[in-house]
Amino acid sequence: MKAASQIGQDRAGRSRRAGILLALTIAGVALLVQAVPSLAGSLQWSRQASAPSRTWRWLTGHLTHWSWDHLQWDLIAFAMLSFMGLRFAPRGFTRCLALAAVVIPLELRFHEPQIGSYRGLSGIDSALFGLLVASLWSHRAGSSR
């Protein structure tokens, strides 16, 4: 019978592997979308295309970027924050990505009327940074007791 710590390590390992696959998929699709310029306009989130029949743009908007430089900086941050997030909060990583992917467009839609369109991973990068800070803060608070 496995000890509780071994079960926790197994779950963390599975979470890390799933998170790595998810992060690589997101990065790969973002690169593909940028390589096919006609895709970006049809996949970006925009206020005009926010009808219920186009809710998929709420997710695909994160994969579009305004330029190769924009994509490059977002991917650098995404790679570093994914690596650190998977190291310090492997079980929270995929939840953070999923929650941010949905909440960011909702926030734009209902609370930022001046923003007409959205492209990029920067919102998800910010969410991963928040996950990392919370994880490190929690770890530090737990170790100081």
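Using the structure shown, decide if Leu106 is open to solvent by less than 30 Å² (accessible area, probe 1.4 Å) and either over 26 Å from Trp66 (Cα atoms) or of a type in the set (A, V, I, L, M) (or both). It is false that Leu106 is open to solvent by less than 30 Å² (accessible area, probe 1.4 Å) and either over 26 Å from Trp66 (Cα atoms) or of a type in the set (A, V, I, L, M) (or both).
On inspection, Ala98 fails the criterion of being modelled with pLDDT under 95 and surrounded by 16 or more Cβ atoms within 10 Å (Cβ to Cβ). Going residue by residue through the range 115-130, is there one that turns out to be exposed (fewer than 14 other Cβ atoms within 10 Å of the Cβ) and at pLDDT below 95? Within the range 115-130 (the criterion being exposed (fewer than 14 other Cβ atoms within 10 Å of the Cβ) and at pLDDT below 95), the answer is yes, since at least one residue qualifies. Given the structure, is Leu71 open to solvent by 70 Å² or more (accessible area, probe 1.4 Å), modelled with pLDDT of 95 or more and out of contact with any Lys or Arg (no Cβ under 8 Å at 6 or more places or on another chain)? In short, no. The set of residues in the range 24-68 being in contact (Cβ under 8 Å) with a residue 24 or more places away in the chain, in contact with a Gly (Cβ under 9 Å, 6 or more places away or on another chain), open to solvent by less than 40 Å² (accessible area, probe 1.4 Å) and over 14 Å from Ser122 (Cα atoms) consists of Ser46 alone.
Residues checked against (1) under 18 Å from Arg16 (Cβ atoms); (2) aliphatic (A, V, I, L, M):
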position	(1), (2)
Val33	no, yes
Trp66	no, no
Asp74	no, no
Ser82	yes, no
Pro105	no, no
Ser117	no, no
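For Gly142, the stated conditions do not hold, so it cannot be described as modelled with pLDDT of 95 or more, part of a helix (DSSP H, G or I), under 30 Å from Arg11 (Cα atoms) and out of contact with any Gly (no Cβ under 9 Å at 6 or more places or on another chain). Being in a loop (DSSP other than H, G, I, E, B), in contact (Cβ under 8 Å) with a residue 24 or more places away in the chain and either of a type outside the set (Gly, Ala, Ser) or more than 15 Å from Arg57 (Cβ to Cβ) (or both) holds for only one residue in Ile104, Ile124, Ile115, and it is Ile115.
Can you confirm whether Phe88 is hydrophobic (A, V, I, L, M, F, W, C), within 23 Å of Ile20 (Cα to Cα), touching a Ser or Thr at 6+ places or on another chain (Cβ under 6 Å) and open to solvent by 80 Å² or more (accessible area, probe 1.4 Å)? Working first, answer last.
Working: hydrophobic (A, V, I, L, M, F, W, C): yes; within 23 Å of Ile20 (Cα to Cα): yes; touching a Ser or Thr at 6+ places or on another chain (Cβ under 6 Å): yes; open to solvent by 80 Å² or more (accessible area, probe 1.4 Å): yes.
Spelling it out, Phe88 is indeed hydrophobic (A, V, I, L, M, F, W, C), within 23 Å of Ile20 (Cα to Cα), touching a Ser or Thr at 6+ places or on another chain (Cβ under 6 Å) and open to solvent by 80 Å² or more (accessible area, probe 1.4 Å).
Can you tell me which residue is modelled with the highest pLDDT among those in the range 54-68 that are hydrophobic (A, V, I, L, M, F, W, C) and over 15 Å from the mean Cα position of the chain (by Cα)? Among residues in the range 54-68 that are hydrophobic (A, V, I, L, M, F, W, C) and over 15 Å from the mean Cα position of the chain (by Cα), the one modelled with the highest pLDDT is Trp68.
Looking at Gly13, is it open to solvent by less than 70 Å² (accessible area, probe 1.4 Å), at pLDDT below 95, touching a helix residue (DSSP H, G or I) at 6+ places or on another chain (Cβ under 9 Å) and under 16 Å from Ala127 (Cα atoms)?
Numbers: open to solvent by less than 70 Å² (accessible area, probe 1.4 Å): yes; at pLDDT below 95: yes; touching a helix residue (DSSP H, G or I) at 6+ places or on another chain (Cβ under 9 Å): yes; under 16 Å from Ala127 (Cα atoms): no.
When the stated conditions are applied, Gly13 does not pass them.
Do you know which residues across the range 67-98 are of a type in the set (A, V, I, L, M) and not in a helix (DSSP H, G or I)? Answer for the range 67-98, where residues must be of a type in the set (A, V, I, L, M) and not in a helix (DSSP H, G or I): just Ala89.
The values are calculated or read from the model by the stated rules, or taken from the named source; none is laboratory data. Since this is a predicted model, take the numbers as computed values, not measurements. Because the Cβ atoms are built from the backbone with ideal geometry, glycine has one as well, and the counts that use them run over all protein chains shown. Just the protein is used for accessible areas: all its heavy atoms, side chains included, with ligands, DNA and RNA removed. Shrake-Rupley method; radii C 1.70, N 1.55, O 1.52, S 1.80 Å.
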